[in-house]
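Asker: Below you will find the structure I want to go over with you.
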Amino acid sequence: MLRILRNIIDAFKGVSGLPEAAQDDEELRRAFKLRYMQFRRLLNANDKALKTISEMESVQAGNKPFGMSFIRSRCALLFVNVYQIIQHLDTLSGGRHQALYDTFGRLQETISPLLESAVPGEDAELVLDLTAIDRRHAEVAGVKMASLGDIARQLDIAVPAGFVITSAAYHRFMQHRRLQEEIHQRIQSHDGEALDRLYELSSVLQQLVMAAEVPPEVVAAIEAAVDKLRKQVDGPLALAVRSSGVNEDLPGASFAGQYRSLLNVRPGHLIDAFKEVVAGKFGATAMTYRFHRGLRDEDIVMCVGCLQMVDAVCGGVVYTRNPLDIREDTIIINAVWGLPKMVVDGRSAVDHFEVARQAPHRVRERRIGAKTVAYRCLAEEGICRNELLEDQSHAPSIDDDQAAALARMAVDIENYCGGPQDIEWAIDSDGHIVLLQCRPLSVAPAEAQASDADAAPVSEAEVAHDAAAGEEGAVHAVLLHGQVTAARGVGAGPVRVLKREADTMRFADGEVMVVQQSLPGYAVVLHRAAAVVAEHGSVSSHLANVAREYQVPALFGVEGAMSRLADGQTVTVDADGLKIHDGKVDALLRGRLRAPHVMAGTPVFDTLAQIMPHIAPLTLLDPDAPTFAPAHCTSLHDIIRYCHEKAVQEMFAFGRDNAFPMRSSKQLVVDVPMQWWILNLDDGFSDEVTGPKVRLENIASIPMQALWQGITKVPWQGPPPIDGKGFMSVMFQATRNTALVPGVRSSYAQRNYFMIAKNYCSLMSRFGFHFSTVESYVSERVPENYIIFRFKGGAADDFRKMRRIQLIAEILEEQGFAVSLTEDALRARFEDFPMEVMCHRLQIVGYLTMHTRQLDMVMSRNAMVEHYRQRIKSDIEERFGRPPEQPAAGPQQRSSPSIQGQA
Amino acid sequence: MGKFNILLVDDEAEFVESLAERLRLRGFDIAVASDGAGALALLREHRFQGVVLDVMMPGMDGLAVLREIKKGDDPPEVILLTGHARTEAALEGIQQGAFDYLIKPVDIDELSFRLQDACEKRALMLQQQ
């Protein structure tokens, strides 16, 4: 690789080192071509990297579940593309960007370890006897077996004899002949969330596991444990083989009934039973559940408990609390004849007992079910369903003394474990109670009511509105009315009026955001807002979308909000009722809810949250600042931005400095009073142009032609009439900032520069005090098409600048651009549409660069803002119309536009 | 410019056959190998402009095959394809001279664009020498 790089570098050096020597044109043309190709690859990697960041951001902000393989694959893509960007830039510049590799390396060292979760228990013994296990063994024996062993030790409760095949054995199995990698690969290659595909994948994975070989050392360890166990029991040994997952105690991860238990297994078939339980990890339900709970595949390590089979006379399940009302002071016992599996399966009626928690555990209620069948062990292997005789069917499977004994055990276990438990038990032929397993009981949260947003009945809200208007109406005056519910709900908090995006820095948690327009830039603090109020804005705006996603109530079309509401004043925003009330109206707030991300609190979500600060934030904003340097890149996004800027500069400088008559900068022949210069990077001219000037008809660049049409379509009517204040403002700025004074600027800055190729165009222009760049790639390759528009500066004061920039942002957003605002800099991106649509948007961008340039001078009065908004919109409508084919589905793969993913 | 000769190397027979078919429809000449040794043998006998290489294969893995390919004179451009994306392996591939690194399931258009670019790059580099 180095050799190839060296070749390219040498090729470029050869060109730039010999400006006018005897190099023939053909050679120079090739050098340009090669250079442009390198630049194209950089742009391509740039585009892919930004899309990947966008995708990660929308997944983080959205409410769809994602897996660890998503994070890993996106990080791999991102690193590869950023590395390629650096390589290409380094090559283009002849090796002047080595420092970027260090910055890149630092970020990689930070992020990579976060992607590799530590694998617990890999060094443990392969098999552990149940008597050697306590709760500290959860990582090696799984939660279920660890608590069983622990309780047996601590509480003098009988459990079956047995052993656990540990996580170490599991890992050996998964690593043996790369089973784990094979599984990962199948999962990652699997596309689509369709249920039939999931079942297909589930079945493939389970077959993989069943067909895999268990490593000889694991088989040997299991056989030794079986021999040992055989000596402890009378008669032939039969086993219950149960899953015992590590991390089953993760928040909300109850795993009830998702994994397998095999009953009455003969030792000769234990290895297959082990594989079957492990394969149960890839059951469709279990996989769906993990996915939605944000559990990484490797978070679920399957330990397998092998316990002596208890041939139960009767058995069942104890809940130490009523799961629907944990305050109720009752222990619930469900019992059947035979194995307790019948209770779990729910195939037959059961005996139901409600027993007092307090000794002597009196039975308060008793319902004896008509039990028709029972599970019993077969003599050889497996279990069967036996019909029950009439008299047994109606007889209680346990008596009151046994119920009391079970209740006593339940209370002991609950006290020891510190929470309600779901306990499976059996009574053997000697009448002894044996504990089979126990796990935390899933109970309904205390405030379960009204916790479902969609199900919350309208009538309830109506009642609340009435209450506010009625009894509390006098206390909580209605301050303002809105027109549009942009996101449903009610929120209260102190007001924070945001006049510009920079004000978001001062935004505190729980405040009510009040803005003039629903600009996308405000979305960055939205998740911390109690509610959003906007004077103008539509339900379909990005801000409204994000508000709905975060479930932040948003009320738009509130006339006078900016002037009538003051910072710090507490208000209640009733987005549903279209009103803003003074103070905090509890009647309205009741039943309000904020759902966290479905993945919140899960390891996968946490991993993403930990890596994103090293990936997404863009801190390098100003290419002229001294901090615009590799050492100040704190995220991959910073590196991408830096490289892109430098690459464009490299291409520009190369074309400008190279005395190649065919390609050096040429002036465009035009009849507007401005200078337009053109650098041809490769195939931007239709014929060879030898003179110092080029005519429009010789330009073969598709994006430049479109942009030019926009620039010239509507004749420019000279600077807009300036109000007195506006002019003073410009003069004041000009005295402070010499860079703005005409004549002081460098000669290049005064010109408008196009760099073009057939499918590429970048325009750097300075009109008066405004600096803008447009960059676009447009070809038949739809997924590679993009337009980036950046706009900065202006001579007027901040307020006017902001108004102008917000107006541009609004118009671009309506055209489908993803827009972000930082102080007075605007960045907008539009991508992945076919050529006709791209060209249409380029025309609009061309129009905007010409016609908005000095608007900030007239931006002091609302009436003027409105006047220009209307004029621009009608110009766009009349002159450019709708694009030829507005694709119904928009960009194919990418979902929502990112609020930060700009170049 | 003529048709580009491309070699697909992947141990998943079904996948590689359907991929080959779709690339042929897009105007590429496609040959197929099911493992690293087979790929290297084909490369000794025929000239290819591009190779699409599965990273994870039994026997010789994709990165090892890549190293071998890049040892030769005038090596073809290599695009790595993987179902098991890992940052370290991805970067290693690029550092060893892979043209690009793509993840399964791969968008067929994206793959064919990358192949075109790779072949054009190779043609330009050859002219330059």
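Asker: Cα gyration tensor of segment B:11-129, axes a ≥ b ≥ c as square roots of the eigenvalues: rounded (a/c below 1.5), prolate (a/b > b/c) or oblate?
Answerer: Here segment B:11-129 falls in the rounded category.
Asker: Here's something else I'd like to know. So if R0 is 35 Å, what FRET efficiency would residue A:432 and residue A:210 give, r being the distance between their Cβ atoms, rounded to the nearest 0.05? Show your work: numbers first, answer last.
Answerer: On the way: r = 36 Å, r/R0 = 1.04.
With a Förster radius of 35 Å, E is 0.45.
Asker: Rounded to the nearest 100 Å², what is the sum over both chains of accessible area buried where B meets A, with a probe of 1.4 Å?
Answerer: Working: alone 7150 and 39230 Å², together 42810 Å².
Using a 1.4 Å probe on protein heavy atoms, the buried area is about 3600 Å².
Asker: Suppose R0 equals 41 Å; then what is the FRET efficiency for residue A:671 and residue B:109 from their Cβ-Cβ distance, rounded to the nearest 0.05?
Answerer: Efficiency, from the Cβ-Cβ distance: 0.45.
Asker: Under unit Cβ charges (Lys, Arg +1; Asp, Glu -1), what dipole magnitude, rounded to 20 debye, does segment A:311-427 have relative to its Cα centre? Working shown, then result.
Answerer: On the way: 13 positive and 20 negative charges, 53 e Å.
For segment A:311-427, the charge dipole is close to 260 debye.
Asker: Please tell me the relative contact order of segment A:311-427 in percent, rounded to the nearest whole number, where contacts are Cα pairs under 8 Å and at least six residues apart. Before the final figure, lay out each step's value.
Answerer: Numbers: 255 pairs, mean separation 37.0, N = 117.
Reported as a whole number, the value is 32 percent.
Asker: At 1.4 Å probe size, with every protein chain present, just tell me what the per residue accessible area of segment B:80-129 comes to in Å². Show your work: numbers first, answer last.
Answerer: Details: 1500 Å² over 50 residues.
Ligands and nucleic acids excluded, the result is 30 Å² per residue.
Asker: Hey, another quick one. Once you have a ≥ b ≥ c as the square roots of the Cα gyration tensor eigenvalues for segment A:477-584, tell me rounded if a/c is under 1.5, and otherwise prolate or oblate according to whether a/b is larger than b/c.
Answerer: Numbers: a/c = 1.32, a/b = 1.10, b/c = 1.21.
The shape class here is rounded.
Asker: Residue A:653 to residue A:30: FRET efficiency via 1/(1 + (r/R0)^6), r the Cβ-Cβ distance, R0 22 Å, to the nearest 0.05?
Answerer: 0.65
Asker: Taking the simple approach of a point 7 Å from Cα along Cα-to-Cβ for both residue A:632 and residue A:387, what is their distance in nm?
Answerer: That separation, rounded to one decimal, is 8.7 nm.
Asker: List the lysines whose Cα sits under 19 Å from the Cα of residue A:51, skipping any in the same chain fewer than 8 residues away.
Answerer: The reachable lysines, counting only those whose Cα sits under 19 Å from residue A:51, are A:64, B:104.
Asker: For peptide B:49-59, what's the mean number of Cβ atoms from other chains within 10 Å of each residue's Cβ?
Answerer: On the way: counts 0, 0, 0, 0, 0, 1, 1, 5, 0, 3, 0.
If you average over the peptide's residues, the count of other-chain Cβ atoms is 1.
Asker: Looking only at other chains, what is the average number of their beta-carbon atoms within 10 angstrom of each beta-carbon in A:181-189? Could you put the intermediate results ahead of the total?
Answerer: Working: counts 4, 4, 1, 5, 9, 2, 2, 7, 9.
Mean number of neighbouring Cβ atoms from other chains: 5.
Asker: Let me ask you something else. At a Cα cut-off below 18 Å, give the lysines reachable from residue A:341, other chains included and same-chain residues fewer than 8 away excluded.
Answerer: Result set, ordered by chain and number: A:144, A:371.
Asker: Cα gyration tensor of segment A:366-417, axes a ≥ b ≥ c as square roots of the eigenvalues: rounded (a/c below 1.5), prolate (a/b > b/c) or oblate? Kindly include the intermediate steps, with their values, before the conclusion.
Answerer: On the way: a/c = 3.47, a/b = 1.50, b/c = 2.32.
Judged from the Cα gyration tensor, segment A:366-417 comes out oblate (a/c at least 1.5, b/c at or above a/b).
Asker: Starting with the highest mean, order A:149-160, A:271-282, A:515-526 by the number of other Cβ atoms within 10 Å, averaged over the residues of each peptide.
Answerer: A:515-526, A:271-282, A:149-160
Asker: Taking 0.36 nm per residue of separation and subtracting the Cα-Cα distance, what length does fully extending residue A:136 through residue A:99 add? Don't jump to the answer; show the numbers that get you there.
Answerer: Details: separation 37, 0.36 × 37 = 13.32 nm, distance 4.78 nm.
Length gained between residue A:136 and residue A:99: 8.5 nm.
Asker: Please give the length that would be gained between residue A:570 and residue A:158 if that part of the chain were fully extended, namely 0.36 nm times their separation in residues minus their C-alpha to C-alpha distance (nm, one decimal). Could you put the intermediate results ahead of the total?
Answerer: Numbers: separation 412, 0.36 × 412 = 148.32 nm, distance 6.10 nm.
Fully extending the segment from residue A:570 to residue A:158 adds 142.2 nm.
Asker: Accessible area of segment A:31-188 with a 1.4 Å probe: how many percent of it is carbon plus sulfur?
Answerer: Working: 2550 of 5340 Å².
That share works out to 48 percent.
Asker: Which whole-number value in Å² is the accessible area per residue of segment A:309-442, probe 1.4 Å?
Answerer: Per residue, segment A:309-442 has an accessible area of 47 Å².
Asker: Please list A:223-229, A:828-834, A:262-268 highest first by mean number of surrounding beta-carbon atoms within 10 Å per residue. Don't skip to the end; give the middle numbers.
Answerer: Values: A:223-229: 15.6, A:828-834: 23.0, A:262-268: 18.3.
The peptides rank, most packed first, as A:828-834, A:262-268, A:223-229.
Asker: Please compute, for peptide B:85-98, the average count of beta-carbon atoms on other protein chains lying within 10 Å of each residue's beta-carbon.
Answerer: Values: counts 14, 10, 14, 6, 2, 9, 9, 0, 1, 7, 4, 1, 5, 3.
Taking all residues of B:85-98 together, the mean is 6.
The values are calculated or read from the model by the stated rules, or taken from the named source; none is laboratory data. Note that this is a predicted model, so its numbers are computed, not measured. Here the Cβ is made from the backbone with ideal geometry for all residues, glycine too, and neighbour counts use every protein chain on show. Just the protein is used for accessible areas: all its heavy atoms, side chains included, with ligands, DNA and RNA removed. Shrake-Rupley method; radii C 1.70, N 1.55, O 1.52, S 1.80 Å.
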